[in-house]
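Undergrad: Would you mind keeping the following structure in view while I ask a few things?
The values are calculated or read from the model by the stated rules, or taken from the named source; none is laboratory data. A quick note: this is a predicted structure, and the numbers were derived from the prediction, not measured. Here the Cβ positions follow ideal geometry from the backbone for every residue, glycine too, while neighbour counts run over all protein chains shown. Note: areas computed on protein heavy atoms with side chains; ligands, DNA, RNA excluded. Shrake-Rupley method; radii C 1.70, N 1.55, O 1.52, S 1.80 Å.
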Amino acid sequence: RHRPPRHGPASGAAPPRDKMAAGRGRYFCTAGRGMEPFVAREVRERLAATEVDFVSGKVFFSTEAGPGELRKLKSGERLFLLLKKHPPLAASGDKGKILHEIKSLVVEEPKYWLDVISIWRNLHGCKVKKDNVSQENPSPLKRKSEEETNIATKRQKTEQARVTVPGKYQMENGERCMVPERKSDQDCWTESRASLEDPSKSSGEEQTANEQLSFSFRVSCRCSGAIAKKLTSQEIGRAVGVALMKQFGWRADLRDPDLEIFVHLNDIHSVVGIPLFRLPLANREYIKTAGLRSTIAWAMASVAEISAGAFVLDPMCGLGTILLEAAKEWPEACYWGADISDSQLEGADVNIRTAGLMDKIELLRASVKALPLPSESFDAVISDIPFGKKFKITEDIQLLPDILQEMERVLRVGGTIVLLLSQELRERMDDITRCAENGSPNASSDAKALNVDGSSSSLVNHAEKSFPSSQQARFGSLVPDGVYGVSLGKTDAFIYKYRKISAAGN
């Protein structure tokens, strides 16, 4: 049975300080829906991570890996150093009480915060600078290159929609809200720049240490669920920002901060972290023109069990994203891509040259219904079956048996086929396998899905679908070996895995 890996404690709590001092950090990685098991497996195998735990959209883990190894993660979206993981905040009571609890996320363990900041600086190759300058004249520590500054400026211009906070919640220097597409106002990312006047001067509160790390920061906040009905992201961002200024004497800077503090509050947990890299892990520098999302392409390749010397085929390669991800991760194999579209093959060729993989990937113009390739010549076949508005879904559904048969023909015995299917194509696939089993209605309908939390469901939603070994639905010589439900933004999709157990026709 295929189950999402769940090892380690159920809590994402921070590790003991002795581990932190030894360079062992506690992290979390955001993941697309259904990708959490892939991230959990990858951090264990690639980073020798321990204390791995995940919830919907996030994977928590501990590791001693350096930034070079951390940057190699392929299945996650963004990587953060974990500052705080707390149960969901109670949304009952007045705003003042809730804001007090939010501030406590910052002020409860100041020493631990500074330890994590030191790890963040060390990971970035920055010396931890102690600052004895008076609080009236804090001196920010700038560590940005001109290139990083340009990237941040361009990103700010293109991705942020500025919203002015009305009334009493507007601060002296203003608050701004990043509103990504398809997000509600209560699910927005808020960057709050508080007054540059240090609140600690009038509060009389003592600093936690004589020597403080001095640099600029901003707060990015996302809230959803019950707490979003009580407080806006702007209010939460401001509360956290003011608390940080009081606690550490840091200087708020919206446009070009040294440090970003990420806050995510929902009905599952309260999480505070520091983004480890400016760009998401999912942004691949070696892909010039993106096709399928890189994380999904990598996950499909990982399911195919590619070994050294293997021959791998994508018979509907498009822009070649699957081949690129596979060849980068498993370079000892040989890769072939086919497509009927000249424009797609041209785009794939550009991507392959950009990635420097001309010696690893061969392209040919051919129809997936009649591949000019010998039978039983490939160890793995991986393909994203086209679907969506720009493809004729009805035609694809009708052709699915022919496509599957041709893939089966070129696959060696013991090899694997990995397909990405839409909901409609998945239903058609189930019909095909049921017909292949002489109409047995229980061949695949008894399978249950396992959600991220381990509970069963009648639909493949967040994780893997498991086929009972006694009732496997076959298509010719292909036996189902797992189904993984993943998200493509607004669209749900399914990674189907088949294994060839005998020669075609036997």
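Undergrad: Which members of region 310-335 meet the condition of being acidic (D, E), assigned to a helix (DSSP H, G or I) and either surrounded by 19 or more Cβ atoms within 10 Å (Cβ to Cβ) or modelled with pLDDT under 95 (or both)? Reasoning before the result, please.
TA: Step one: filter region 310-335 for residues acidic (D, E), giving 314, 325, 329, 332.
Now drop any that are not assigned to a helix (DSSP H, G or I), which leaves 325, 329.
Within region 310-335, just E325 meets the criteria.
Undergrad: Which members of region 335-363 meet the condition of being in contact (Cβ under 8 Å) with a residue 40 or more places away in the chain and more than 22 Å from A380 (Cβ to Cβ)?
TA: If the condition is that a residue be in contact (Cβ under 8 Å) with a residue 40 or more places away in the chain and more than 22 Å from A380 (Cβ to Cβ), then G347, V350, T354, G356 are the ones that fit.
Undergrad: Scan region 336-365 for residues that are open to solvent by 40 Å² or more (accessible area, probe 1.4 Å) and part of a strand (DSSP E or B) and report the count.
TA: 4
Undergrad: Also: State all residues of region 297-309 that are surrounded by fewer than 24 Cβ atoms within 10 Å (Cβ to Cβ), in a helix (DSSP H, G or I) and hydrophobic (A, V, I, L, M, F, W, C); if no residue qualifies, say none.
TA: If the condition is that a residue be surrounded by fewer than 24 Cβ atoms within 10 Å (Cβ to Cβ), in a helix (DSSP H, G or I) and hydrophobic (A, V, I, L, M, F, W, C), then V303 is the only one that fits.
Undergrad: Okay, moving on. Given the criteria more than 26 Å from the chain's Cα centre (by Cα) and open to solvent by 10 Å² or more (accessible area, probe 1.4 Å), does G291 qualify?
TA: no
Undergrad: I'd like the full set of residues that are outside any helix (DSSP H, G or I) and either without any contact (Cβ under 8 Å) to a residue 24 or more places away in the chain or open to solvent by 40 Å² or more (accessible area, probe 1.4 Å) (or both), limited to region 75-118.
TA: R78, K85, H86, P87, P88, A90, S92, G93, D94, E108, E109 - these are the residues of region 75-118 that are outside any helix (DSSP H, G or I) and either without any contact (Cβ under 8 Å) to a residue 24 or more places away in the chain or open to solvent by 40 Å² or more (accessible area, probe 1.4 Å) (or both).
Undergrad: Starting from region 287-303, take each residue that is basic (K, R) and list its partners that are crowded, with 21+ Cβ neighbours inside 10 Å and outside any loop (DSSP other than H, G, I, E, B), counting only C-beta distances under 6 angstrom and pairs at least six apart or across chains.
TA: Close Cβ pairs satisfying both conditions: K288/N351.
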